[in-house]
Amino acid sequence: MRLSRYFLPVLKETPSEAQIVSHRLMLRAGMIRQQAAGIYSWLPLGYKVLKKVEQIVHEEQQRAGHIPLLMPTLQSADLWRESGRYDDYGEEMLRITDRHGRDMLYGPTNEEMITDIFRSYVRSYKDLPLTLYHIQWKFRDEVRPRFGVMRGREFLMKDGYNFDLTVEDALHAYNRHLVSYIRTYERMGLQAIPMRADSGPIGGDDTHEFLVLADTGESEVFYDAAVTDIKLGKREIDYDSHEACHAVMEEFTSLYARTDETHDAALFEQVPEERRRVARGIEVGQIFFFGTKYSEVMGATVQGPDGKPTPVQMGSHGIGVSRLLGALIEANHDDKGIIWPEGVTPFHVGIVNLKQGDAEADGACEALYKSFEALGLEPLYDDRDERAGGKFATMDIIGLPWRITVGPRGLKNGVVEVTSRRTGESEELTPELAIAKIA
Ligand code: ATP
Ligand code: MG
Ligand code: MG
Ligand code: MG
């Protein structure tokens, strides 16, 4: 992309309404624009990162054997009356009446709808196990939408639902989700710690939240510092193996790690004092096992091996896709701007031309640009007729991992400058070596 043809409305001033750094930087980097409280437009740069995050979520869900579909944002109130949640859900639900006076709502989650789909088609235990998921906009009329996309009213969520015959199979689905979530966050360069939590309006007993440690997080968390040393890394986990997924679940959840709702002071005392941590975290996902809570009231039964109708065992599992952008920036920035991890960066490399209009500099930039494209990488070329300082500031704010600076002086010696956004270190290299370093 050439910056002169792009739409990147970078703000010079720090917007006063933004209280936390990720919100400030998303506004300043021209990623989002608020349209109403907690409702945002995703400007091109923000949209690009959102799509990258979404893509990683899709890939990891499908790697775990989960099947994508797409349900609508608007739902009929009748389904929610069947489960009893139309009245229970409260003021976070945005209720809408259509022209015929029918009660509708903007979905805050999809347990009822997916259960309805399931019961309409699946009859036999032979069709299980089944896990369906979608990535779709949700609406929750939060009392206090704040911190930008972290607590929006309209937000993008991945929500998945497992249907199993036995409790054991459903617990395997729970563990499988735990593993796939950790892999998802790690691919984005994020550490999200599974912590024992409270199930809230979704219901059920077994639940873990995934928390990214950050001072600006809204949850208070208590944990054993040793949990932060546990990583999945490059391990290949067989998602069909109950034992393998169970082992990872045990490994990640055996040490003390809880959110304030389930915190147990006496148990926490048993953690060696030097490892006890009280901190804040951002909830970027949650998994639930709730058994037959929805299947019984909504009649989602299959014929079991004994021929008898059996209500299916279910769980639901969510990732805050749009909130993840905020969490990623909270975890990856400095005083100059965002520092994107390679896995989610909107462009791989920024090319800064120090002397636009200089035939040699222009030519060298064009050649670099084409080489990166040929390698399947996306460069962002700042080809505007602007001063170097302004170009550097833009690149720093939007946080691409690499910057190549091209100017007549370096070119005389056959070199360009390659700078790492994360370390700030620069190196003079020939264009060929610069490409090799980044690719
Ligand atoms: P919170 O405790 O932050 O209100 P929640 O527990 O109500 O979140 P879940 O029902 O567990 O949310 O939804 C799954 C995921 O969706 C959450 O883990 C979170 O990452 C994301 N999410 C929930 N509410 C919002 C929101 N208002 N804005 C952005 N993301 C959200
Ligand atoms: Mg909530
Ligand atoms: Mg919560
Ligand atoms: Mg939650």
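Annotations
- If R0 is taken as 51 Å, the Cβ-Cβ distance between A225 and D358 corresponds to a FRET efficiency of 0.40.
- Separation in nanometres of the label points that stand 7 Å from Cα toward Cβ, at L232 and Q35: 3.3 nm
- Summing +1 for each Lys or Arg and -1 for each Asp or Glu among the other residues whose beta-carbon sits under 11 angstrom from that of W340 gives +3.
- In terms of the mean number of neighbouring beta-carbon atoms within 10 Å, the peptides 383-389, 129-135 order highest first as 129-135, 383-389.
- Estimated 222 nm signal from helices in the chain, with DSSP H stretches of n ≥ 4 weighted -39500 (n - 2.57), rounded to 500: -10000 deg cm²/dmol
- Angle between the chain longest axis and helix 111-121 axis [Cα atoms, degrees, rounded to 10]: 70 degrees
- Size descriptors for the stretch 327-373 (Cα atoms only): Rg and Dmax, in that order, 14.5, 42 Å.
- Semi-axis lengths (Å, descending) of the ellipsoid that matches the C-alpha gyration tensor of the stretch 4-72: 29, 14, 12
- Take the Cβ atoms of E378 and E218, set R0 to 41 Å, and the FRET efficiency comes out at 0.75.
- Rg to Rh, two decimals, where the stretch 42-137 supplies the alpha carbon set and Rh follows Kirkwood: 1.04
- Peptide packing: for 309-322, 8-21, the average count of neighbouring Cβ atoms within 10 Å per residue gives the ranking 309-322, 8-21, highest mean first.
- With 21 Å as the limit, the listed pairs K51/K138; K12/K391; K48/K231; K12/K51 have K48/K231; K12/K51 beyond it between alpha carbons.
- Potential lengthening between A388 and A266 on full extension [0.36 nm per residue; Cα-Cα distance subtracted]: 38.1 nm
- Mean Cα-pair separation over length for the stretch 1-65, i.e. relative contact order, pairs under 8 Å, 6 or more apart, %: 24 percent
- Relative contact order for the stretch 1-141: 20 percent, from Cα pairs under 8 Å spaced at least 6 residues apart, divided by residue count.
- Relative contact order %, the chain, counting alpha carbon pairs below 8 Å whose residues are six or more apart: 17 percent
- Seen against the Cα atoms of the chain and their longest principal axis, helix 167-187 is set at about 10 degrees.
- Extension reserve of the D98-R81 stretch, reckoned as 0.36 nm per residue once the Cα distance is removed: 4.4 nm
- Viscosity 0.890 mPa s, 25 °C: Kirkwood-radius Stokes-Einstein D of the stretch 298-422 over Cα pairs, µm²/s: 139 µm²/s
- Computed from the Kirkwood radius of its Cα pairs, the Stokes-Einstein diffusion coefficient for the chain at 4 °C and 1.567 mPa s stands at 54 µm²/s.
- Rg(Cα)/(2.2 N^0.38 Å) for the stretch 96-250, N = residue count: 1.21
- Net length gained if the chain between I67 and K412 were fully extended (0.36 nm per residue, minus Cα distance): 118.6 nm
- Compactness of the stretch 168-259 is given as radius of gyration and Dmax, 13.1, 38 Å, from Cα positions.
Quick note: the coordinates plus some simple rules give every number you see, no bench work behind them. Predicted, not measured: the structure shown is a model, and the values here were computed from it. Cβ sites come from the backbone with ideal geometry, for glycine too, and all protein chains shown count toward neighbours.
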